[in-house]
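Following: one structure in structure tokens, then a few remarks.
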Amino acid sequence: MTLAPDRLDKLVMEMRRGMLILAVLRALVRPHYGYSLRKQLSAIGLEIDEGTLYPLLRRLEGQGLLVSRWEQEDGRKRRVYCIGADGLTALQRMGDEWQKLNGVLEQLAEKS
């Protein structure tokens, strides 16, 4: 049986979803507004469209992991996001788990 491309895409998207949270929390150790965050992630190879990023930012803020404030820049109001105290705790725990899982995958790759 061959894995259908749509099933493979779903598996990849599932894995990517969790990593996006970790990447966004890590990037927001420094304050960013949505567009600058998207540009930074894109510059290092993590493409994320606006339809994914902005709902994610709102959800993480709703969960108490991010804080935001409105700032005026060049005559425009922009929402600036930054990681909150609970977000730092989550980032540490998720980062530790990522390192552990990555080590396990590396060991498995060496044995295959």
Checklist entry - Do you know which residues across segment 48-70 are under 15 Å from Arg30 (Cβ atoms) and either of a type in the set (Ser, Thr, Tyr) or modelled with pLDDT under 95 (or both)? => result Ser68
Checklist entry - Which residues, counting only those in segment 67-104, are among the β-branched types (Val, Ile, Thr) and within 22 Å of Arg38 (Cα to Cα)? => result Val67, Val80, Ile83
Next on the checklist: If I filter segment 77-98 for residues that are without any contact (Cβ under 8 Å) to a residue 40 or more places away in the chain and closer than 22 Å to Met13 by Cβ, do I get at least one hit?
Outcome noted: yes
Checklist entry - Any idea which residue in segment 9-54 is surrounded by the fewest Cβ atoms within 10 Å (Cβ to Cβ), counting only those that are without any contact (Cβ under 8 Å) to a residue 40 or more places away in the chain and touching a Gly at 6+ places or on another chain (Cβ under 8 Å)? => result Glu50
Checklist entry - assigned to a strand (DSSP E or B) and in contact with a Phe, Trp or Tyr (Cβ under 7 Å, 6 or more places away or on another chain), is that true of Val67? => result no
Next on the checklist: For segment 20-36, check the following and say yes or no: at least one residue is assigned to a strand (DSSP E or B) and out of contact with any Asp or Glu (no Cβ under 7 Å at 6 or more places or on another chain).
Outcome noted: yes
Item to check | Residue list for segment 71-94, restricted to those being small (Gly, Ala, Ser) and at pLDDT 95 or above | outcome: Gly84, Ala85, Gly87, Ala90
Next on the checklist: Any residue that is within 15 Å of Leu28 (Cα to Cα), surrounded by 13 or more Cβ atoms within 10 Å (Cβ to Cβ), out of contact with any strand residue (DSSP E or B) (no Cβ under 8 Å at 6 or more places or on another chain) and among the acidic types (Asp, Glu) - is there at least one of those in segment 81-89?
Outcome noted: yes
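The values are calculated or read from the model by the stated rules, or taken from the named source; none is laboratory data. Note that the structure is a prediction, hence the values are computed from the model and not measured. All Cβ positions, even for glycine, are placed from backbone atoms using ideal geometry, and neighbour counts span all protein chains on display.
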